Every structure is written in structure tokens, then in C-alpha cells.
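First comes the structure, then the notes that go with it.
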Amino acid sequence: MWKYILKRFLLMFPTLLGVAVVIFVLIRVVPGDVVELRMAGDRGAVSEEALAKERARFGLDRPVWEQFATWLLGVARLDFGRSMWTGAPILEEIKLRFALSLQLAVMATIVAVLLAIPLGVIAALKQDTWVDYAVRIFSIAGLATPSFWLGIVFILGLLIIFKWLPPMVYTPFWVNPWQNLLQLIWPALAVGYRYSAVATRMTRSAMLEVLREDYIRTARAKGLVEKLVLSRHALKNAMLPVLTVIALEFAFLIGGLVVTEQVFNLNGLGLLFVQAVAHRDYTLTQALVLLVASAFIFVNFLMDLMYAWLDPRIRFR
Amino acid sequence: MTHRYRESRLILAGCLALSLALGIALTLPAMAQDKPRYGGELVFVVPSEPPSYDAHQEETFGVIHPVAPHYSLLLRVDPFDKTGTKPVGDLAESWTISKDGVTYTFKLRKGVKFHDGSEMTSRDVKASYDKIIFPPMAMKSLRKGAYAAVEAVEAPDPQTVRFRLKWPESSFLLNLASPWNWIYKADTLAKDPWWYEKNVMGTGPFKFVEHVRGSHWVGKKNPDYWDKGKPYLDGYRAIFISSSSAQVAAVRGERAMIQFRGFTPADRDSLVQALGPKITVQESAWDCVLMVAMHHEKRPFDDKRVRRALTLALDRYQGSQALSRIAIVKEVAGVQVPGTPWATPPDELAKLAGYWRDINASRAEARRLLKEAGVPEGFAFTFKNRGIPQPYEPLGIWMIDQWRQIGLNVKQEIIEASAYHPMLKRGDFEVAMDFQCGFIVEPDLDLGRFLTNSDANYGKHKDTVIDDLYVRQARAIEPEERRKHLRALEKRLLDEEVHVLYTLQWHRIIPHSSKVKGWTITPSHYLNNQLDTVWLSQ
């Protein structure tokens, strides 16, 4: 088991290094330049002298390999440098937005899990009845509805019906829980609905598959109460793929809620990501990609451990 | 008879007294409405965020809108002047100009204090202008070129600042009212010229409270502000919202009172419809314009007949009516914003190519010129446009349709916004949209880009006549003389040589909460953001 964990853990590093190389090259291939963008503003004309001074200040006049080496050495020391757009330390920029993104991801996950698991299980148990059809319609509608669109509907609904809009400035939960929830509950519902649709479909199909397994038939034949058959034998085994979906969605939510954050004006990592790319802020984009990649890789690592715990065959392979 | 006469006189006097009392009673609330009220927090939306806090080094309104209330200028543009072209004293109490027009002497106000409590003197003004005009080696200054005429800035005594120029420049005074030229503290600059990139400390009406990046900026009233009785507000809060639909929602949901840059006609209409009298709309011609650059080194655009045909094809008057309903453009204008001192009168404008009232005659002439230049019917070229919805996309589509009507087959290529400026600079285009936004409507500031050696001469024209006319108008002391040179420059630029093609003037629309008082729209979204005159009626 320990060998398995160590192997999985060590595999994370070459993956991250690969991501670092790819993003460093890709962001520089995209046309545009942070210095020109920042200085051209609305007026459009900037002298070459001013541009050269600014490029030198950011080290963009140095050879690319030297820029990469400097950046990589910094990353190894957990120093991601400064944003080329704001001049602020990257870690500070990320820290500012991380709490909101994490809270939103957690809230959306709670919404999704609370909806998906009961609905998926009920749909599987009542297969091909009106209950199953209703759940399937609900989940297919969730898959087909982009969360930002649902967010816009929420906002318009609140504005038109209640003449009210959620707060536009983030208040941390520990400062004012009510204000915090007033702002985040709407995007959490919008995102959680789509997220729950994916998980509901997965729960239903996994349950249907598990319920046809021999060991379920054996459990029933032994005279085990149906509740125990479902919770101890069926649900636990059906949870393997469901957990994977939930975990990957969670990792995606950390930096992937680009449009939803714009719709609700949330100062999260998704919005920061878009701005970083739009501004060609190389250092910030690189750090954010690494962060999101790390989140995915770490969640994957946790899932591997979870699999090993849930399914002994993996441990002993 | 006498008795009846006395009676009627009494009735008349009673009526007069009653109407007087009624008149006063009715006028009082209106007067009370117009009298500034103290207190309250102004909440406004800023669509962009300050990259740094140093306006001397920045070029975006994202710096001006949230940060300007912390600073004073030497001169400012009169906050109540709708043309945005009248300089008034800010830190300067008075000024004199020498007869030869090369020495400007300013007397500063006494008792002006920085937010740290220290006294502001001429040393601070000199240090700030030295940073702008003669920046330290590694530091950039985006407006250094605008002060090429300045030989030296001097501070002969604590209350006097003197600018010595190498040659007279008619725009100099107005250029000193630039909203970017914040006055910093000399001692701080001496210790660290970069300090103001990350810190705020001025003499303005509001003190800095906090900036949460990506979220908001807060300022509070400066009780020691030099203009006693101002500011009226207790403070302000700028919320950064990049999405335009979220900006509109913020105003509609009354989470914000105003956005100082501008909304689209559709946004204005939806806000007015939803909020009725709770919304007040201010509109103005906007000192921003989209032009068309035609590459003078690429055939057939090296031929002025072809360039002239392109401008003759445009029915600007009809375009103004149609596009102003869907895009932030409206006014048909020459090289200066309509309604401002140097704007072209409509009759003179109508004589320039592309501005004729008879569009059929104009297009017939365009076809004739194309034929004469050997450009075949259906000639195809690519028009490069910037990937920004407003107003680039609607204007681009409109122009392609106009050019189609003189037999040209134009393909539009949208270039992503961040890659656009480098593309223009490389000259990698035949015909492309060019853009400019000014902070004050002033020919020197707006027309420098058309000089042969300008960094913004993307079409790469070489025209010494334009260069000469520019210098002549800039150095003309008499307004009539300046106007004459300016009109000649405009005629050469837009009509005779057609080095560029002006489309339509942008149109600034600010729908704001009716509670917001004391703020006047100007043609520039860089102006009038110190907020000292702004107050809330409720």
C-alpha cells in the first residue's frame, strides 16, 4: 500500500513540470504583449522608448531560456514572482481570490451531492417508472443548461420580481455569514445544479450496474434487510465512479467558473484567470495554470488513495 | 367709488401677497434640492482596474476613476464645463503668461496639505512635473512627448512655479490641466520615484482607505481639503465590474449609482424603462473616434484616388441615425469633437470628401475615381478590425456595406484586442480600424499622431505639409490664425490626401441614479473624477 502511495505521489512532480513547460511556451506563442497592452490603453500610441524601458523592467528583454530558468527556480522556492499587470506578488493575488473560489466550490459541491445522490439512487431503484423519468428529465435539463445562463436567469428574476440584487462585493463568511451567503448562494445553486446533473446520471447508472452484481443477489439471498443491502453493499461500490466525477468537478470549480464569476461579479480565481490571459500577464497565467493543474493532480492523487481504500483489489495489485 | 376702489386694491394686494407666498413655497423645495447636501457614500462602477496607482505612468481610465479623488492637479478642467476645455485653477490660485508666450508663472494656494499633514509647496509641483517631463532613466513617462516645448520647471519661491518653454505653444495651459498630472510629494519622490506605483498620498478631497484587488476601492472625506466646505460626500466606494451586463445590473439593482465611462444606447433604454424617474441620463459627444488607417505602401491604397473613394462611399449622416440606436457612436465630425472650440462648423464639414450631403453624387464620384485608378468592379481586400464589440463591430459591418455599394468586396478579419496594436505597428494590414481617445479636446493632443514621424502613423504616410501645418497651428497665438491652419490641416488630411478616414464620433451616455448631483458630463471619460463637487440628494 505504501509503495502504491509513494509511486502515485512521486508521479505528481513530472506531471507538474510538464505543465510548467507547456504553459510557459504556450503563453508566449499567443500574439500580444503585456507591456503594449498596458501602455496603449485607449489612446493607442506609445513610443518605442517607453515600451523598451518597461520590457527591460519585467525582464522580457532577456533570452526565453533565461526567463524560464529564473521562473522555475522561483517556483521551486514557492516564489511565483509578481504580476506583470499589477506589480503585486502573485501569491497575494491568488490568496485574495482563493477563499471565495474555494467556498463557492464547496457550496456548489454540497448542493450537487445533496441533489445527486438521493436522486440517482431513487432513479435507479425506480427504473423506468415516472420517478425515474422525472429525475432523468431534471438531470438532462441540468446538463443542457449552462450555469452562467442559469445565473443570468437568477439575476434577472431577482431584479424583476423582487427588485433586489445580491451584494456585489465579497464579504468573508467569518466577517458576516449572512452577507456572505446572500452573495454566494445564487452562484452555488446555478453551478451546483449543472454539477448535480452530471453526478445524478453517474449515480443512477453506477447503481443500476451494481444492483445487478452477484454479491447483491447473494446479500439478498442471505436475507439481509434491503436498506442494508443498498447502503452497505450497493451504494458503497457504486460510489467509486461517482466520487471520481465529484472530485474532478470540484477541482474544475477552483479555477473554471469563468463566466459565472463574471455574471455574479465574483472576485474569484476564474475571473482572475481570464484577466491574466487577456492582459498577457505571463507570470500570473503561469502561476494560475500551475495552481489549477496542482488541484487536479492532487485531487486525482486523493482519488487514487480513495479507490485503494474502497476497492482492496487495487491495493493488492 | 373710493370705497370700492380701496376694496379692489386690497383684493389685488391680497392676491399678489398670496401668489408671492405660493411662489416662495413652491420654489423653496426646488432651491433646497439644488443646495448641496452633505453626507453619504457615492458607490460607482469601474469597468477596469488600476494596474498601478501612478497616473504618470498609466494610460487607462481604470486608474483615473477610483484614484483621482485622492489627488489635486496644478490646473484642472472646469468640472461644470460641458465642453471639457476650460482650464481653471486647482492648486494654482492664479497665473500669468509672458508676452512672448514662453513663460508661465503660477501662484499656488496657501495652506494646502498632503494627507500626511505636510504642507504642499512649489517644490512638490516641480518634482511632479519633472517626473512627467524629465523622468529618471529607467522610468517611463507616457506624457513626456506632450511637453516637448518645456525647457525647465522652476520653483523660485514656495508659492510660485514657473514653466519656461522653448517656443510658444497655444495648447500649453490646457495641457497642464491634464487629469493624469497628479501632484505628488517631492520628498517621497526623492526617496523613491516608484513609491506612487503602490501607494496613495495626495492633497485631494478624499483620503485613501483600502483597495481590495478585483473587488473595490474605498475613499473617505479629507477634512483638511483646501477648498473649505468640500467635498460634500462622506466617502466613495468604487466597485470593479468587468462584465457590462453586471454593470447594468448593478445600477438597475441600485447596488451602484453611476458608472463614469459610458453605457450603450440599449443599456440606457433598459435602465430608463426599469427605473423611470430614479434614473437621470446625461449624454455628450465623446472624445474618442475610430478611424480607418490605409497602408500607403500597399497597392492600391498608395493611390489617393482609391483612399478618397473609400471615404466618399460612406453615408455618415445616415450611418449616424442608424448606428446611434445600437452603438456608442453618433456625431458626424471632423478632426475635433463637435461642440468644442476648434470643431469644424457643419457647413464647412459638408465640403470635405465623404461628408457631402448628396450621397448619390458622392458614391458616383467614388466609382469614377476607382475606375480612373484602375481598380476593377468587385475588387477584394481585407479590412482588419479590433475584436471589441462596441463600437468596433457595428461600425465595421456598416463600413463593409457602404464599400459594397461602390463595388468593393471587403472581407472583415477580426483581430483579438491584445494582438491588435502590435499588428498595427507591424503594418500587417491593407486597411484597418485605428482608434484614439483623448483626455482633453485640443488639436495639439489629438493631431500629433498624423505627423510623419509619429509612432501612431500606422498608414505610414509621408506628408511634410501636414507636419508644417501642425506646427503652425500649435504655435499660433491668435485663435483665428490657429483656426485657419487647423482647417487647412483637416482638409489635407481628410479630403485632399485622405491619409486616414474618420468614421463617426463616439457618443457618451451616462445613465445614473437621480440621487447623484453636482456631476457634469464632458466629452472625456478621463475628466471630472475628483468628486469634490458631487453630492447625494438623499
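Per-structure values
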item	result
Count of segment B:244-262 residues which are open to solvent by less than 20 Å² (accessible area, probe 1.4 Å) and at the interface with chain A (Cβ under 8 Å from one of its Cβ atoms)	5
Qualifying residue in segment B:291-308 (condition: crowded, with 21+ Cβ neighbours inside 10 Å and not hydrophobic (A, V, I, L, M, F, W, C))	yes
Members of segment A:279-295 found to be touching a Phe, Trp or Tyr at 6+ places or on another chain (Cβ under 9 Å) and of a type in the set (Ser, Thr, Tyr), listed by number	A:282, A:283, A:285
Selection count, segment B:403-459, where residues are touching a residue at least 12 places away in the same chain (Cβ under 8 Å), not acidic (Asp, Glu) and not in a loop (DSSP other than H, G, I, E, B)	25
Residues of segment B:45-68 satisfying the condition of being farther than 24 Å from residue B:249 by Cα, outside any loop (DSSP other than H, G, I, E, B) and facing chain A (nearest Cβ under 9 Å)	B:57
Unique residue being more than 25 Å from residue B:515 (Cα to Cα) and open to solvent by less than 10 Å² (accessible area, probe 1.4 Å) when the list is B:70, B:65, B:56	B:56
Condition met for residue B:359 (farther than 18 Å from residue B:82 by Cα and either surrounded by 17 or more Cβ atoms within 10 Å (Cβ to Cβ) or without any contact (Cβ under 8 Å) to a residue 24 or more places away in the chain (or both))	yes
The one condition in (1) over 21 Å from the mean Cα position of the chain (by Cα); (2) within 10 Å of another protein chain (Cβ to nearest Cβ); (3) assigned to a helix (DSSP H, G or I) that residue A:86 fails to fulfil	(3)
Test result for residue A:242, buried (at least 18 other Cβ atoms within 10 Å of the Cβ) and either of a type in the set (A, V, I, L, M) or more than 14 Å from chain B (Cβ to nearest Cβ) (or both)	yes
For residue A:171: the one exception among (1) within 12 Å of another protein chain (Cβ to nearest Cβ); (2) open to solvent by less than 20 Å² (accessible area, probe 1.4 Å); (3) among the hydroxyl-bearing types (Ser, Thr, Tyr)	(2)
Total residues in segment A:245-270, condition aromatic (Phe, Trp, Tyr) and open to solvent by less than 20 Å² (accessible area, probe 1.4 Å)	1
Condition met for residue B:35 (surrounded by fewer than 22 Cβ atoms within 10 Å (Cβ to Cβ) and closer than 26 Å to residue B:219 by Cα)	yes
Residue in segment B:93-133 that is most open to solvent (accessible area, probe 1.4 Å), counting only those that are aliphatic (A, V, I, L, M) and assigned to a loop (DSSP other than H, G, I, E, B)	B:102
Unique residue being within 14 Å of chain B (Cβ to nearest Cβ) and among the β-branched types (Val, Ile, Thr) when the list is A:277, A:292	A:277
Scope segment A:275-302; condition open to solvent by 40 Å² or more (accessible area, probe 1.4 Å) and closer than 21 Å to residue B:213 by Cα; matching residues	A:275, A:277, A:278, A:279, A:291
Out of B:490, B:497, B:481, sole residue that is open to solvent by less than 20 Å² (accessible area, probe 1.4 Å) and not basic (Lys, Arg)	B:490
Residues of segment A:65-86 classified as among the small types (Gly, Ala, Ser) and surrounded by 16 or more Cβ atoms within 10 Å (Cβ to Cβ), total	2
Candidate set from segment B:215-242 (those that are within 14 Å of chain A (Cβ to nearest Cβ) and of a type in the set (S, T, N, Q)); member that is nearest to residue B:40 (Cα to Cα)	B:215
Residue count, segment A:183-215 (criterion: over 25 Å from residue A:105 (Cα atoms) and open to solvent by 40 Å² or more (accessible area, probe 1.4 Å))	5
Residue match in segment B:117-127 (condition: closer than 19 Å to residue B:194 by Cα and out of contact with any helix residue (DSSP H, G or I) (no Cβ under 8 Å at 6 or more places or on another chain))	yes
Conditions (1) surrounded by 14 or more Cβ atoms within 10 Å (Cβ to Cβ); (2) away from chain B (no Cβ under 14 Å); number of the one not met by residue A:130	(1)
Hits in segment B:97-147 (condition: more than 14 Å from residue B:176 (Cβ to Cβ), within 14 Å of chain A (Cβ to nearest Cβ) and small (Gly, Ala, Ser))	B:138, B:141, B:145
Of all residues in segment A:157-168 being part of a helix (DSSP H, G or I) and open to solvent by less than 80 Å² (accessible area, probe 1.4 Å), the one that is nearest to the other protein chains (Cβ to nearest Cβ)	A:159
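Per-residue answers, yes or no, for (1) within 30 Å of residue A:194 (Cα to Cα); (2) open to solvent by 40 Å² or more (accessible area, probe 1.4 Å); (3) within 11 Å of chain B (Cβ to nearest Cβ):
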residue: A:51; (1), (2), (3): no, no, yes
residue: A:92; (1), (2), (3): no, yes, yes
residue: A:107; (1), (2), (3): yes, no, no
residue: A:118; (1), (2), (3): yes, yes, no
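The values are calculated or read from the model by the stated rules, or taken from the named source; none is laboratory data. Small disclaimer: the values here were computed from a predicted structure and weren't measured. Quick reminder, even Gly has a Cβ in these numbers, built from the backbone with ideal geometry, and neighbours come from all protein chains shown. Remember, those area values only see protein heavy atoms, side chains included, never the ligands or the DNA or RNA. Shrake-Rupley method; radii C 1.70, N 1.55, O 1.52, S 1.80 Å.
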